[in-house]
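Nothing in this text is a laboratory measurement; each read-out follows from the coordinates by a stated rule. Keep in mind the model is a prediction, meaning the values are calculated, not measured. Note that we place each Cβ from the backbone using ideal geometry, even for glycine, and neighbour counts take in every protein chain shown.
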Amino acid sequence: MSKPRKQVHLAAHFPGVNNTTVWSNPRSGSHIEFESFAHFARTAERAKFDFLFLAEGLRLREQGGRIYDLDVVGRPDTFTILAALAAVTERLGLAGTINSTFNEPYEVARQFATLDHLSAGRAAWNVVTSWDAFTGENFRRGGFLPQDQRYDRAERFMRTTWELFDSWRGDEIVADKRSGVFLADPNAGSFEHHDAHFDIRGQFNVPRSPQGRPVIFQAGDSEEGREFAAATADAIFTRHATLDAGKAFYADVKGRLAKYHRRPEQLVILPAATFVLGDTDAEAREYADVVRRQQVSGATAIQFLEQVWNRDLSAYDPDGPLPEVDPLLGENTVARGRASVRMYRDPVETARQWREVAAEKKLSIRELMIEVSGRQTFVGSPATVAESIEEFVQQDASDGFILVPHITPSGLDEFADKVVPLLQERGVFRTDYTGTTLRDHLGLAPLEPPAIGRRKAS
């Protein structure tokens, strides 16, 4: 007996200005004006996507002491945007990345509980940590924590916010006008938490929200990140967007759930995915080549190379060969604030491999950077892309995808109009929302209200 076909989950990532978007394309609009966010969100909701996802940048990234040109706009405040989008959407989930290193549990819990109320149960939190002292310079504490302490703080931070969310059961407000009784429990919202990171007590001032607490996302591929996701997350945002890599990651993370008494359906795995569509597969491939060259200009190619070589390579011709010198090793990097530099654990070995590829294929610096710096996940006609997406999901390489278009804000429109209807025809994607909360959209069970009594932790 064959197993039933899984339903595909789809979400949309508003990417801001980075190496995925092509801000120079005539179709590109503003990355900071509200109408761009509103257009993007309305398209995602029209297509019945699960949620919209916003990343967060706490400092503009630099290279060679100058603001990295693809990040020059930066990212405006996440909560402000999501709260505004709650007013122009009705069902679309609203997911935001909020850092656990440079915030406080009470503040973040209050903001997410408020967003969940304003959106009638559509809030989600992508929990991240900061990894460098460069970002910390924007905050009064400065510095940063070692990796093991960052994840320890992140987990304690999140557990503390849960205590705040759960300090209200949801039945305390009676608002009986006849008797004049507003609260059935005068201790509603009381909390007390003491550990190595947080020492707080008081009363949480936002009543229990529709979801109880936001859906929890985690993004990260380290051993610590995978374990953190298996223990605490409702969904995980991953880079693994090839079939084989996706299946390996999927099996690994889902296999960790049992030790935390969780079932596979309690964690939704969603890789990021880019796409290029054409009327035919050949047309899509041709356009994908154009997009990649737009994404990696000559100047950008040199900057990408500098992130591995850790040297000033501005004198090199992007249409010429790779440098003969090896990368510089050390903690200091020319690309400050860029998490991508961590992808290259052994820069000298990476340089050796790239030289082999360049020699074999006779590639210039720019051509090599186009080859190795990333490519579109799905390229083809709408029918080809729909088939590929379903294959990933049915073969347990993912539960769906978070789509990252290269044009903002209209880059999602074509996917919504041409690919989504094909997935609906295949019977693997909803034709309308069947629930009202983001937990409903993701197939997650509602959270049980906390037991009576104040929770304490130490």
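If r is the Cβ-Cβ distance from ALA196 to ARG355 and R0 is 45 Å, what FRET efficiency results, to the nearest 0.05?
So, using R0 = 45 Å, E works out to roughly 0.45.
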Completion exercise
Helix 34-46: inclination vs the chain longest Cα principal axis, degrees, rounded to 10, gives 80 degrees
Practice task
Could you state, as a whole-number percent, how many of the C-alpha pairs of segment 385-434 are farther apart than 19 Å?
Solution key: 29 percent
Handout entry: 0 to 90° range, to nearest 10: angle between helix 223-232 axis and the chain longest Cα axis
Key = 30 degrees
Problem - Kirkwood-Stokes translational diffusion coefficient of segment 348-458, alpha-carbon pairs, 25 °C, 0.890 mPa s, µm²/s - result: 132 µm²/s
Practice task
Mind scanning LYS6/LYS259; LYS48/LYS259; LYS361/LYS418 and naming the pairs with a C-alpha gap bigger than 29 Å?
Solution key: LYS48/LYS259; LYS361/LYS418
Completion exercise
Length-normalised contact order of segment 379-431, Cα under 8 Å, at least 6 apart, in percent, tallies to 40 percent
Practice task
Please determine, in degrees from 0 to 90 and to the nearest 10, the orientation of helix 298-309 with respect to the longest principal axis defined by the Cα atoms of the chain, where the helix direction is its Cα long axis.
Solution key: 70 degrees
Exercise for the section: State to the nearest 20 debye the size of the charge dipole of segment 349-458 about its Cα centre, where the only charges are +1 on K and R beta carbons and -1 on D and E beta carbons. Expected result: 660 debye
Practice task
Return the whole-Å distance between the Cα centroid of segment 362-417 and the Cα centroid of segment 241-308.
Solution key: 7 Å
Exercise for the section: Report, in debye and to the nearest 20, how large the dipole of the chain comes out about its Cα centre when Lys and Arg carry +1 and Asp and Glu carry -1 on their Cβ. Expected result: 1020 debye
Problem - Efficiency of FRET from Cβ geometry, ASP176 and ARG293, R₀ 51 Å, rounded to 0.05 - result: 0.15
Problem - In Hz, Karplus ³J(HN,Hα) per residue of segment 180-192 (6.51, -1.76, 1.60; θ = phi - 60°; x = Gly, Pro) - result: x, 8, 9, 10, 7, 10, x, 9, 4, x, 5, 8, 7
Handout entry: Nearby lysines by direct alpha-carbon distance to LYS3 (threshold 23 angstrom, same-chain neighbours under 8 apart not counted)
Key = LYS247, LYS254
Handout entry: Relative packing of peptides 181-194, 112-125, 201-214 - highest average C-beta neighbours within 10 Å first
Key = 112-125, 201-214, 181-194
Handout entry: At 1.567 mPa s and 4 °C, Stokes D of the chain from Kirkwood alpha-carbon radius, µm² per second
Key = 55 µm²/s
